[in-house]
Amino acid sequence: LVESWSFLDTVESNFRPLVVIELAKGTKEETIEWFTKRIVDKKANGGAQLLIKPLVTENGVENIYLVGASHLRLLLGAETVGLVKECNDNSMRTFTYSSRKTFKDFADDNHNFLTMAECQYIIKHELENLRAKNEKMIPGYPQAKLYPGKSIVRRLLTSGILVQIFPLHDREELKKLRHSWYGRVKVGYQPLDDIRCYFGETIALYFGFLEYFTFALIPMAVIGIPYYVFAWEDYDKYVMFATFNLLWSTVILEVWKRICAILTYRWGTLLMKRQFEEPRPGFHGVLGINPVTGREEPVYSSIKRQLRIYLVSLPFVCLCLYFSLYVMMIYFDLEQWALDYHKENESNFSSLMLYVPSIIYAVVIEIMNRIYRYAAEFLTSWENHRLESSYQNHLILKVLVFNFLNCFASLFYIAFVLFDMKLLRQSLATLLITSQILNQFAESLLPYWLQKRYNRRMKKRMCSQKTDMDLSLADQVNMEKEMGTYLGTFDDYLELFLQFGYVSLFSCVYPLAAVFAVLNNITEIYSDALKMCRVYKRPFAEPTANIGVWQLAFETMSVISVVTNCILIGMSPQVDALFPDSKMDLVLTVALVEHLLLAIKFIMAFVIPDKPRDIQMKLARLEFESLEALKQQVRAFQMQLHFLLIHR
């Protein structure tokens, strides 16, 4: 590998732009010269050994640069980041340049061995690992301090010198993907392998989960329709439906783990070794020595961070929760007003007015969720977490707690305080349908309309220009850099999490919830595909082996659903009539049934393996071969050492 680096050329005749770097207007020439030099410098000199050239437009050279890499450089980068590829014997192994001939479809002249998403991920990794050597500051900007080992790109971003880095779309591949993905309405599976090749594993896994969850909801929807039609008021008949729901919620989450393992093994990310996490770009502190790496980097007291969390963030979250409950009580006052108005007038208009408070409350919930999200991001950033994973975990916890209370508190209050099942059904239906409509509009339709307007203006401006290759590339870059930035799958998983709550928590009261969830998810697949291909910049691929903390969030929701459904069934008049003399017997019976269902749930989770048997065997085989290879290396080293000692 070292020899390959030394012979690697930084000039390639067929330059293929993969990544765009946009610098701030007015960036000083010495800064640009220093930064571009570090990008093209050899690895031995601390550079990235990539290719870079400025984007030439009709206005001359702007502060936009195109980054690419030679085929050899990308192959060596694939080994550096630990990409896993399929071998000729159909096994999955970590790619190494020395054993490149053993991998399927590899050829020296096959530039499609690595997908474009993988190439862009390699370039992003190399750019982020450009580190300061002896520089004390960014040339031309003495206030932008550097220290040995500091990521140059992260410092440029936090200093405002670097505006953005984003991967370019491949217009031909994107056109093919759009056609196979959402270009025509069809009943079938999504092209998950094509999505993974273009957008990477994280996004492909989200769409895989969305598709799987939609199919998993169909049995609930099919069973829910006759229950809704024929057993509307007979709560005792909902016992079987609720029991099925509880077992269903466990089975689908366990089966998803197996499907996730199959997908990520096929894509190679199940075997990828976890990269050592670098500090977040926004992390700050006094310079110190990292005890793990030995490098100089900012150090921040964990005690200060804990004080910020418990003395500021926690009280703020509690205050927001209190405000959410206060708004909920205003909603119940509106409900009472609408009910009184209906009793006085008894008209069609007054009947419609009964739904108005729920609709208003659903809109207010969505607005509060979005405002709180910004506040949670600010607070979590202010807490100054060192690692991105820690930042994400604290952010997800804050958002989940607030969203859960904000969306479901009114339903719990109606069910367990007011004991009004009719109002519970009405509120559940209104909240579910209204939130789905608002999410579709805010996340897909509105951004798509705004982006289409911008593209139309750009095309009018370009219609009088020439259409040679360089100009069309410049037009593409200028259009893409103005597109919105996709902020990740957080909001998409959150929407599915809340939907799962609406379906599972009160299933025995409103069986049609699954029907509306299926209809929403079918349109969600198409609208999310549309926004990924037409609305946002292409995101960098991010290898992942599972859906992360969201798996735990869904499992927690399914446990809560066991408790709520058991209590709801215990509150029904039919079950209550079975215990006319002692309410304590009723409570004990409900608690016993709840514990039995939870026991069955956890037993099923234990019995169903997370990975299929064949994948377990393949992983065990790879681990065995790795240990054998390590033993051979140790033996070879010992023999060499023994030989040297003998011939001293």
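The values are calculated or read from the model by the stated rules, or taken from the named source; none is laboratory data. Bear in mind the structure is a predicted one, so any value in this text is a computation, not a measurement. Cβ atoms come from the backbone with ideal geometry, glycine included; neighbour counts cover every protein chain shown. All accessible areas refer to the heavy atoms of the entire protein, side chains included, with ligands and DNA or RNA removed. Shrake-Rupley method; radii C 1.70, N 1.55, O 1.52, S 1.80 Å.
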I need every pair where a residue in region 359-384 that is within 15 Å of G282 (Cβ to Cβ) has its Cβ under 7 Å from the Cβ of a residue that is of a type in the set (S, T, Y) and surrounded by 15 or more Cβ atoms within 10 Å (Cβ to Cβ), sequence separation at least 6 or different chains.
L379/S313; T380/Y391; E383/S313; N384/Y300
Could you check region 552-568 and list, in sequence order, the residues that are open to solvent by 30 Å² or more (accessible area, probe 1.4 Å) and under 24 Å from I414 (Cβ atoms)?
T556, V559, I560, V563, I567
Could you grab the pairs with beta carbons closer than 7 Å, sequence gap of 6+ or different chains, first residue in region 594-614 and farther than 12 Å from L246 by Cα, second one β-branched (V, I, T)?
A605/T250; P612/I262
Considering residues of region 296-314 that are surrounded by 11 or more Cβ atoms within 10 Å (Cβ to Cβ), of a type outside the set (A, V, I, L, M, F, W, C) and at pLDDT below 90 only, the residue nearest to H385 (Cα to Cα):
Y300
Exactly one of these conditions fails for V549: (1) buried (at least 20 other Cβ atoms within 10 Å of the Cβ); (2) over 22 Å from Q440 (Cβ atoms). Give me its number.
(1)
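So which of E201, E173 is open to solvent by less than 70 Å² (accessible area, probe 1.4 Å), in contact (Cβ under 8 Å) with a residue 24 or more places away in the chain and of a type in the set (D, E)?
Details: E173 fails: open to solvent by less than 70 Å² (accessible area, probe 1.4 Å).
Within the list E201, E173, the selection yields E201.
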Y206 vs. criteria open to solvent by 30 Å² or more (accessible area, probe 1.4 Å) and farther than 30 Å from G285 by Cα:
no
Taking region 292-306 and keeping residues within 29 Å of the chain's Cα centre (by Cα) and assigned to a helix (DSSP H, G or I) leaves S302, R305, Q306
Is it the case that some residue within region 627-642 is without any contact (Cβ under 8 Å) to a residue 24 or more places away in the chain, of a type in the set (D, E, K, R), open to solvent by 100 Å² or more (accessible area, probe 1.4 Å) and more than 30 Å from F554 (Cβ to Cβ)?
yes
How many residues of region 251-279 are buried (at least 18 other Cβ atoms within 10 Å of the Cβ), modelled with pLDDT under 85 and farther than 30 Å from K104 by Cα? The answer is 2
Those residues of region 341-369 which are charged (D, E, K, R) and loosely packed, with under 12 Cβ neighbours inside 10 Å, in sequence order
K343, E344, E346
Does any residue of region 570-579 turn out to be outside any helix (DSSP H, G or I), assigned by the TED database to the domain that holds L271 and among the charged types (D, E, K, R)?
no
Could you say whether any residue in region 457-476 is farther than 26 Å from L205 by Cβ, in contact with a Ser or Thr (Cβ under 6 Å, 6 or more places away or on another chain) and modelled with pLDDT under 85?
yes
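Suppose we keep only residues that are part of a helix (DSSP H, G or I) and of a type in the set (S, T, N, Q) within region 86-145. Which one would you say is most open to solvent (accessible area, probe 1.4 Å)?
S98
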Going by the conditions given, is G501 in the same structural domain as A216 (by the TED database), crowded, with 21+ Cβ neighbours inside 10 Å and closer than 28 Å to E201 by Cα?
yes
Leading residue by the ranking (most open to solvent (accessible area, probe 1.4 Å)) among those in region 146-163 that are closer than 17 Å to T36 by Cα and part of a helix (DSSP H, G or I):
L157
